[in-house]
Amino acid sequence: MRDFLWGVSTSAFQIEGAFGAGGRGPSVWDEFAPVHDNDNASVACDHYHRWREDVALMTQLGVNAYRFSIAWPRIQPTGKGPVNAEGLDFYDRLVDALVDVGIAPVVTLYHWDTPLELEAQGGWLTRDIADRFADYTALVADRLADRVKLWIPINEPAMVTLQGYAIGEHAPGKTLLFDALPTAHHLNLAHGRAVEVLRAYNAQAVGTANNHTPAWPATPNDVAAAEAYSQIHNWLYADPMLSGRYPDAVADLMPVVDGDLQVIHQPLDFYGVNYYNPTRLKSPSEGNPLPFELVEIDEYPRTGFGWPIVPSGLTEMINALRERHPNLPPVHVTESGCSFPHQIEDADRIAYLDGHLRAAQEADVAGYFVWSLLDNFEWEAGYSQRFGLVHVDYETQARTPRDSFHWYRKVISGE
Ligand code: GBH
């Protein structure tokens, strides 16, 4: 347990704000928002200016690891070309400050904020973006590889393909349905290319952060529907990364070039699981082009977002991963958390985290990262969903630790 990573997670676009500062270029999400209630992330938690205060909060919390993401448009404002020094300096200072107080930096290189100019050229629909991503990775690794503990090239590629390109609920808002599938291959390829680059820079540990959900058939007649959903959500990324092959159902649809699967399938030092809830499926009704249909899970309590609270699903999912991929490296839960209304007294969040932390430990994980340190910009839901251990007042930017913050501090310190 001494080496267990007790962490919190955030992402650049959701907390930084300061769109124009430090030479940052625009990202796809700058364009896509406003979303819910006309919210946008141009200020968000103003972390770009308040990061020292946020590191101090983490010191108080007692975590020994902090997972954050680097904004590609701060490093390369147009997604290619030379480094924007001011952008890289920002993360360099953050990494130094974390190391100074004994918090291990865990870096995600891409958490959905594609430079707008790359998107104009086709974004993840193009193969070329994998090369661009490798160049960007080299710029960051060159400066930070000596101090970063864990590297995660891409956060939740499934959400990029599905929400971003298939159904359009996320940036870049495309509704290509099955025609979005090539983005999955390009995301996987970018992962593989980044792993190669990170190895060349002697990165300490390289892994991934994939989102996973146990797919439950609604009835024994719906097993095929659940399996189809699982192939798209769980295995489209995990299988090629961990075993060098695509799930049967999609293999023929992927634009694979000779040698790609070797690039994608490289040894990883850890495997990150982002878990929120299971999903229930049934066979599609007449006229539905998809091979499944979602069914509500209504026998469990729910979070503020309406997501069912099922801690055992986390253990179930990690066991399923190990069964399918016996070579699975040590697992970190790279995101686990819930949204609830704004209260400081958040017994519901404490219960959620307590249940999921136990479920994670039952699956013998190497680390657990709460999503999230701060209330932040929750993508298409704007500021309407609050996931923070710390409450943020968006008028004053005041940070107030919730009860769950104090609870987590005690869990970590063993008090
Ligand atoms: C993560 O995505 C992101 O990495 C992070 O940026 C984000 O803030 C965080 O989660 C919270 O959303 O319709 O009831 O079946 C999470 C991906 C996809 C998980 C949708 C829950 C639907 C729940 N999520 N999923 S339900």
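The values are calculated or read from the model by the stated rules, or taken from the named source; none is laboratory data. Owing to the predicted nature of the structure, the values given are computational and were not obtained by experimental measurement. Every residue, glycine as well, gets a Cβ built from its backbone with ideal geometry; the counts of neighbours run over all protein chains shown. Keep in mind that these areas ignore ligands, DNA and RNA; they rest on the heavy atoms of the full protein, side chains included. Shrake-Rupley method; radii C 1.70, N 1.55, O 1.52, S 1.80 Å.
Below is a table of values for the structure above.
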item: For the stretch 198-324, convex hull volume per residue from C-alpha positions, Å³; result: 145 Å³
item: Share antiparallel - DSSP beta bridges, the chain, percent rounded to 5; result: 20 percent
item: Amide H within-cut-off set for ALA205, under 5 Å, with H built and near neighbours excluded; result: TRP151
item: Whole-angstrom gap from the stretch 120-159 to the stretch 62-103, using each part's C-alpha centre; result: 13 Å
item: Per principal axis, descending, Cα span of the stretch 42-135 in whole Å; result: 44, 24, 21
item: Mean Cα-pair separation over length for the stretch 11-103, i.e. relative contact order, pairs under 8 Å, 6 or more apart, %; result: 35 percent
item: Charged-residue dipole, Cβ positions (Lys, Arg, Asp, Glu), the stretch 135-189 about Cα centre, Debye nearest 20; result: 140 debye
item: Accessible surface of the stretch 152-273 [probe 1.4 Å, protein heavy atoms]: carbon and sulfur percent; result: 53 percent
item: Along principal axes, Cα extents of the chain, largest first, whole Å; result: 53, 49, 44
item: Peptides ranked, highest mean first, by Cβ atoms within 10 Å: ranges 47-59, 208-220; result: 208-220, 47-59
item: Accessible area of the stretch 47-148 belonging to carbon and sulfur atoms, whole % at 1.4 Å probe; result: 49 percent
item: Phi-based couplings in Hz for the stretch 60-65 (Karplus 6.51, -1.76, 1.60; Gly and Pro marked x); result: 4, 5, x, 5, 10, 8
item: THR59 versus GLU293: modelled label distance in nm, points set 7 Å from Cα along the beta carbon direction; result: 5.6 nm
item: Check: the chain dipole with +1 on Lys, Arg Cβ and -1 on Asp, Glu Cβ, in debye; result: 880 debye
item: Percent of beta bridges antiparallel (DSSP, the stretch 247-389, rounded to nearest 5); result: 35 percent
item: Alpha carbon centroid spacing (whole Å) that separates the stretch 394-415 from the stretch 222-242; result: 36 Å
item: Whole-Hz couplings from phi, Karplus 6.51/-1.76/1.60, listed for the stretch 386-400; x for Gly and Pro; result: 10, 10, x, 6, 10, 6, 10, 8, 6, 7, 9, 6, 5, 9, 10
item: For the chain, calculated [θ]222 nm from helices alone, where every DSSP H run of n ≥ 4 adds -39500 (n - 2.57); result: -10500 deg cm²/dmol
item: 1.4 Å probe accessible area per residue over the chain, in Å²; result: 37 Å²
item: Residues with amide H under 5 Å from that of TYR271, placed H, sequence gap 5 or more; result: VAL331, HIS332
